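The values are calculated or read from the model by the stated rules, or taken from the named source; none is laboratory data. All values derive from a computational prediction rather than experimental measurement. Virtual Cβ from ideal backbone geometry, glycine too; neighbours counted across all protein chains shown. Heads up: the accessible areas ignore ligands, DNA and RNA and are worked out on the full protein's heavy atoms, side chains in. Shrake-Rupley method; radii C 1.70, N 1.55, O 1.52, S 1.80 Å.
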Amino acid sequence: MENILSICLGIGLSAACGFRVFIPLMVMSIASLSGHLALSDNFQWIGTYPALVAFAVAAVLEIAAYYIPLIDNLMDSISGPAAIAAGILVSASSFIHMDPLLKWTLAIIAGGGTAAVFHGSTALLRGASTALTGGTGNHAVATAELGVASGLSILAIALPLLSMVVILALLFFIIRKGFRKLLKPKSTEASSP
């Protein structure tokens, strides 16, 4: 059961990395320093005060950048690889008492993959917001992303199983919307004379 909870924790934090890279790392650092989160061997540095300060400064800068027009779209392209790397890192640091091969395989596939899916979805949403509103709607998108990243990070640490339910619901929503977009043009082409 401990491995299942650590996998849910890692995937929950990875999903949050898809929305904001440094918020989950900052939340992990706070939780570790307060004794609410045990970290895997070789990742104890996340639960130190210097790491907390670094993550907090990086989180503030990241949040601010998403509220600056045009910089927010640039941040999406820069933070894509960073979100995947952070997803792998938070997953690997959460998987305790696990064989290293299984740990890193799960961290790369589940952690990095989850972060990539959510980051890609938010980047598409920001692009659509920019196209439809000329960038004026991006503040609302940035605020929603910040809220989801913060809430999901806290939920993953407090209730890892519930965070998995939320992630699966979000994935279902994303996949459903994606398939609707893919199928919509085909149905209009088929009805054309």
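Over the chain, with the other protein chains present, what is the accessible area per residue in square angstrom, probe 1.4 angstrom? Let's see the in-between values first.
On the way: 10030 Å² over 193 residues.
Result: 52 Å² of accessible area for each residue.
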(message) What is the angle, in °, between the Cα long axis of helix 2-19 and the longest principal axis of the Cα atoms in the chain? Nearest 10 is fine, range 0 to 90.
(response) 50 degrees
(request) Could you work out how far helix 113-133 tilts from the main Cα principal axis of the chain, as a 0 to 90 degree angle to the nearest 10? (result) 40 degrees
(request) Normalising by the residue count of segment 22-180, find the relative contact order in percent from Cα pairs under 8 Å and 6+ residues apart. (result) 25 percent
(request) Rounded to the nearest 500, what is the 222 nm mean residue ellipticity of the chain from helices alone, with -39500 (n - 2.57) per DSSP H run of 4+ residues and division by all residues? (result) -27000 deg cm²/dmol
(request) Take each of the peptides 12-24, 122-134, average the number of other beta-carbon atoms within 10 Å over its residues, and list them starting from the highest. (result) 12-24, 122-134
(message) Please check: in the Gaussian network model of the chain (C-alpha springs, under 10 Å), which one of Val27, Val53, Val148 has the largest mean-square fluctuation.
(response) Val53
(request) For mean projected area of the Cα convex hull in nm², several values are listed as (i) 12.3; (ii) 13.7; (iii) 11.1; flag the one computed from this structure. (result) (i)
(message) Residues of segment 161-181 with the amide nitrogen closer than 19 Å to a label point 7 Å from the Cα of Thr105, along Cα-to-Cβ, please.
(response) none
(message) Can you give me the angle between helix 160-191 and the longest principal axis of the chain, using Cα atoms only, in degrees from 0 to 90, rounded to the nearest 10?
(response) 20 degrees
(request) Count charges around Gly135 for me, please; just the other residues with Cβ under 10 Å from its Cβ, Lys/Arg as +1, Asp/Glu as -1. (result) 0
(request) Once you've got the GNM for the chain with C-alpha springs shorter than 10 Å, pick whichever of Met164, Met26, Met98 has the biggest mean-square fluctuation. (result) Met98
(message) In whole percent, and with a 1.4 Å probe on the protein chains, what portion of the accessible area of the chain is carbon and sulfur?
(response) 77 percent
(message) How high is the relative contact order of segment 1-51? Use alpha-carbon pairs under 8 Å, at least six apart in sequence, and give a whole percent.
(response) 25 percent
